[in-house]
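Trainee: Here you go, one structure.
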Amino acid sequence: MTILCIETSTSVCSAAICKDGMPIKQCICHEGSNHARLLPRYIEELLSFAREQHLSTEAVALSEGPGSYTGLRIGTSTAKGLCYGLNVPLIPIPTLQVLCEAAKEKLSTLNCPLSTADILCPLIDARRMEVYTTDAEGKARAVVVEHEESLYSGEEDVYFFGDGAEKCSTVFTKPNWHYIPGIVPEAQYVGVLAEHFANNQSPITNHQLAYYEPYYLKEFIAAQSHVKGLK
């Protein structure tokens, strides 16, 4: 299955073409605040590449959140437009699972294999002292980072990663807590998960697209503008 994948939930913008769960080509920018400008360019490049390789796009996969409100809106609107235009289904992938997939690969390259008792704990910055993470059942939640037990209370080795990990690493340290730097959600990992999701869950078809919204987890709160003349 050939899938066009989109990831815009954080300051990193990326898109990729994946075939049978394996990334073939990815475009990515780590500089931030360029999603609306870069994403259409990446998609045009990837679709052109797919045509050259005689690949027919069969679905669009989207990192659905939680994450940046603006980033998620850009990614979702682009994905929905592509699904309508290409007449293909949408496969939403939880962003925290995308982060975990990236962390597994990073640990593998570091020759640090996970044991069955190790815990992966993704952390996405949710502003102030909040992060998006998962509970013991893997369900997404927003957590105020105020004490160590707010993140994890077990004694197993825990690996923290994502753009929310930095604020936690300066406050909390335990011998069994490990912070992995440089882990960001990327479209290539969306593709790795999308193949599995497509085989086990029903994707969102065109007649359902109008009602689909990204997974914000918490309500958007607009801050007062600092631009002169705007209130």
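The values are calculated or read from the model by the stated rules, or taken from the named source; none is laboratory data. No experiment lies behind these values; they were computed from the predicted model shown. Methodologically, a virtual Cβ is constructed for each residue, glycine included, from the backbone with ideal geometry; neighbour enumeration extends over all protein chains shown.
Trainee: Restricted to segment 115-129, and to residues that are among the aliphatic types (A, V, I, L, M) and over 18 Å from G71 (Cα atoms), which residue is modelled with the highest pLDDT?
Mentor: L120
Trainee: Let me ask something additional. Could you say which residue among L38, L62, L55 is surrounded by fewer than 23 Cβ atoms within 10 Å (Cβ to Cβ), closer than 14 Å to G191 by Cβ and hydrophobic (A, V, I, L, M, F, W, C)?
Mentor: L55
Trainee: Moving to a separate point now. Here are some conditions: (1) over 24 Å from Y216 (Cα atoms); (2) hydrophobic (A, V, I, L, M, F, W, C); (3) touching a residue at least 40 places away in the same chain (Cβ under 8 Å). L123 meets all but one. Which one does it not meet?
Mentor: It is condition (1) that L123 fails.
Trainee: State the number of residues belonging to segment 136-163 that are without any contact (Cβ under 8 Å) to a residue 40 or more places away in the chain and either part of a strand (DSSP E or B) or more than 17 Å from the chain's Cα centre (by Cα) (or both).
Mentor: Going through segment 136-163 one residue at a time, the tally reaches 17.
Trainee: For the structure I just gave you, tell me whether F172 is surrounded by 15 or more Cβ atoms within 10 Å (Cβ to Cβ), assigned to a loop (DSSP other than H, G, I, E, B), free of Cβ contacts under 8 Å to residues at least 60 places away in the same chain and touching a helix residue (DSSP H, G or I) at 6+ places or on another chain (Cβ under 7 Å).
Mentor: Spelling it out, F172 is indeed surrounded by 15 or more Cβ atoms within 10 Å (Cβ to Cβ), assigned to a loop (DSSP other than H, G, I, E, B), free of Cβ contacts under 8 Å to residues at least 60 places away in the same chain and touching a helix residue (DSSP H, G or I) at 6+ places or on another chain (Cβ under 7 Å).
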